[in-house]
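Values in this text are rule-based calculations from the coordinates and carry no lab data. Because the structure is a prediction, the values reported are computed rather than measured. Glycine also receives a Cβ, built like all others from the backbone with ideal geometry; neighbour counts cover every protein chain displayed.
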Amino acid sequence: MRRFALHFAGLIVLGLLVLVITEKTDLTIAADAYTWERVPGIADGPVVFSLAASPDGRVVFAGTEGNGVFRSNGGNAFVPRNNGLPTDPIPRISALAVAPNFNNTTLALLGTNGSGVYRTTNGGETWIPVSDIPSDAAVYSLAFAPDGASAFAAVGSATGSGIFLSRDGGSTWHPASLQPVNHLIWQLAVSPKYATDHTVFAGGGTTTFITTTKSLLWKSTDHSSQTTVAGGIFKSTDRGETWNMVFDRGTNGVSALLMVGDAVYAGTPDGGVFRSTDGGATWSPFENAGYHPTGIHSLAATTQYGSDAAIFAGTWVSGVFRTLSNSPSWSPINSSFPHDDAGYAAVQALVAVLGPDRIYAGTGGRAGADGQGVWSTSMPLQTIRIYLPITYKNTAGR
């Protein structure tokens, strides 16, 4: 559904009432209308690995490398919120998820790189470790179902790897009954219709992992060697208990997942974005005339606009791209985005929020400390004029 704001009314020209309306949508907005600015508050330029926002966009969390987790209220400066997290050293905050009912519950989940999963019920003021997920787990994706009760975690650990499930908002967890076999799960995406279809998608990674550093997911109990595994997408239709592969990418991987309505989007490190509109049965490149961004690490969408949703892709070198969900039309939106001679800052995380109508990008890995942090841009206003005929009634001479 599109959201309109009436900015002027009542101009009568030749018997027409002219309504000038600004519309928050991305249908015909020029790419250069997006201008990025750094959100203050995260000092010393740490890499930002994860982002999550409340449903109304008024609260944004950012997870960093070595500086913990930060919270921003209403797009204002970020402030640290590390009470309850390990301090020596502070682990990488590799995943974040905010409950759909956050405004009532202030519930959120936080995943670390080697110290397990944490939970807050007071908006990040304190974090409590989750006991049912291994405390040494590297966590690479967290997700809530729309009901706010079902939650999912993709983890790797010396004592237990795979997908873990919760049915009580993250209080207790258990491993999936049938895990994806021989795959490292990087990303999770829950169906917007989860209440009726019970569907969750999981994206598997593929590359060479050095498991002793805990910088990437563990594979089985092999903690000393490098291992190459296959990549693809798995689907569960029983609330995450069992999984079946629906998209086999062979020796390639899936680095980002997103659901918009009935469509599933998969970002890849080597082949752009793929889309399925039939529940994962078939997949096709989502590109315009062969053009698509590459090296994709993150995806986000303005899902509040339904079929008019804009999709954003964050890349390793080429910045941020935007397209429409109903027709591929990729274009870069990198005005004032941090960059150096080697390219744009790597976009580790993206989130698009309703209310403030802003897009946030967590960056790192290029453009130096000045390019690392959280950047945001507003979704530009589009002006529409609607002409309504007016009927005059002459009441003079009564």
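Scoring 186-193, 339-346, 281-288 by mean Cβ neighbours within 10 Å over their residues and listing the highest first yields 186-193, 339-346, 281-288. Legend: P(r) of the stretch 35-378 from all alpha carbon pair distances, 10 Å bins from 0, whole percents, reading 6, 28, 38, 24, 3, 0. Dipole orientation for the stretch 35-378: of the candidates Trp330, Ser276, Gly362, Gly362 has the Cα lying most toward the positive pole (charges on Cβ; Lys, Arg +1; Asp, Glu -1). Size check on the stretch 101-175: the Cα extents along the three principal axes, sorted descending, read 36, 23, 17 Å. The mean sequence distance of close C-alpha pairs (under 8 Å, at least 6 residues apart), as a share of the length of the stretch 167-207, puts its relative contact order at 35 percent. The relative contact order of the stretch 35-378 comes to 15 percent, based on Cα pairs under 8 Å that sit 6 or more residues apart.
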